[in-house]
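**Student:** Sharing a structure here in structure tokens format.
The values are calculated or read from the model by the stated rules, or taken from the named source; none is laboratory data. As the structure is a computational prediction, the values presented were derived from the model and not from experiment. All Cβ positions, glycine included, derive from the backbone under ideal geometry; neighbour counts span all protein chains shown. Heavy atoms of the whole protein, side chains included, go into the accessibility calculation; ligands, DNA and RNA do not. Shrake-Rupley method; radii C 1.70, N 1.55, O 1.52, S 1.80 Å.
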Amino acid sequence: VQSASDDAQQSVLELDMDDPAKQLEMLKNSAMTDGTTISSQLSEEDFQKLDSLLVNSMGMGAKMIDSWKPFFVSSFLMTNFIEGTPASFEMSFVQMAQQQEKEILGLETVQEQMAAVDDMTYESQIKVLKEMLNEEDKMRESFKEMINFYKEEDIEGLYDYSASYIDNPEELQVMLIDRNENWISRIGKLAAEKSTFFGVGAGHLGGEKGVVKLLKEAGYEVEAVK
């Protein structure tokens, strides 16, 4: 990965992560807009659990993000279920590109990514959050299983396992498949302009409508790097 990044003239992630304006835009779109709050959707006991976990992992209480969409709140809890100290591959790619003074671009806009999240009902998002709060052993085992798939470079196994957690086929379509399909022409255009390092979440790679198969179907030669 380091070699591929070094050789490329530019880096492209899901979003343009080195643009402060994009990060501010994400923050602006993180809140629920209909007056709904996390505390109104959880029992008092669950909200206290959430508060304790957030203080331990983020150093802030639940009241500070009570109006945030449950999807984003859940993402803050992930480190509680992973052994060791997790690192962000995405931010590592940003740092590598910055050290090499290379441009960083995004495959999609903040609005496009937020639209995918907004297609998930708050009820569906809250369900995931409740599982994190009340089924800790299950969540730890789930993350361990996904990490094992990743380490074994089994992108099909990782996709199948991840997809099995999405109850609604429409959400799978919006969160993964539609975005994958939108990316292919953009990948082609960017790669034609300069040699490019692309970094996307591993869940996007596998499946019949994963990035790897879609690129092959579009006529690109795709090889695994060893």
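**Student:** From the phi of every residue in the stretch 137-153, what ³J(HN,Hα) in whole Hz does the Karplus formula 6.51 cos²θ - 1.76 cosθ + 1.60 yield, where θ is phi - 60° and glycine or proline is x?
**Tutor:** So the Karplus estimates, Gly and Pro as x, are 4, 4, 5, 4, 5, 5, 5, 4, 5, 5, 5, 4, 4, 5, 5, 7, 6 Hz.
**Student:** Hey, can you find the accessible area per residue of the chain for me, probe 1.4 Å, expressed in square angstrom?
**Tutor:** Computed with neighbouring chains in place, this is 58 Å² per residue.
**Student:** What's the extension gain from K63 to N182 if we count 0.36 nm per residue and subtract their Cα-Cα distance?
**Tutor:** Details: separation 119, 0.36 × 119 = 42.84 nm, distance 3.66 nm.
Answer, rounded to one decimal: 39.2 nm.
**Student:** Which pairs in the list K69/K209; K22/K151; K144/K226; K28/K138; K28/K127 are over 25 Å apart, alpha-carbon to alpha-carbon?
**Tutor:** K69/K209; K22/K151; K28/K138
**Student:** Restricting attention to the stretch 15-123, which GluC sites (Glu not before Pro) occupy a DSSP loop and are surrounded by at most 13 other Cβ atoms within 10 Å? Provide the component values of the computation, followed by the final result.
**Tutor:** On the way: sites: E25, E44, E45, E83, E90, E101, E103, E108, E112, E123; in loops: E83, E101, E108.
Those that pass, being in a loop and sparsely packed, are E83, E101.
**Student:** Based on DSSP loop calls and a cut-off of at most 15 other Cβ atoms within 10 Å, the longest stretch of the chain free of exposed chymotrypsin sites (Phe, Trp or Tyr not before Pro) is what?
**Tutor:** Longest site-free region, per DSSP loop and neighbour criteria: 1-164.
**Student:** Taking H placed 1.01 Å from N in the peptide plane, check which residues at least 5 places from L105 or on another chain put their amide H under 5 Å from its amide H.
**Tutor:** Counting only residues 5 or more places away or on other chains, the set is S11, V12, L13.
**Student:** Restricting to bridges with both residues inside the chain, how much of the DSSP beta-bridge set is antiparallel, in percent to the nearest 5?
**Tutor:** Bridges in the chain that DSSP calls antiparallel: roughly 10 percent.
**Student:** How much of the accessible area of the stretch 70-226, probe 1.4 Å, is carbon plus sulfur, in whole percent?
**Tutor:** Answer for the stretch 70-226 is 53 percent, counting heavy atoms of protein chains only.
**Student:** Give the angle, between 0 and 90 degrees and rounded to the nearest 10, that separates the Cα long axis of helix 89-99 from the longest principal axis of the Cα atoms of the chain.
**Tutor:** In the chain, helix 89-99 runs at an angle near 50 degrees to the longest axis.
**Student:** Among the GluC sites (Glu not before Pro) within the stretch 137-226, which fall in a DSSP loop and have no more than 10 other Cβ atoms within 10 Å of their own Cβ?
**Tutor:** Loop-located and lightly packed - E152, E208, E221, E223.
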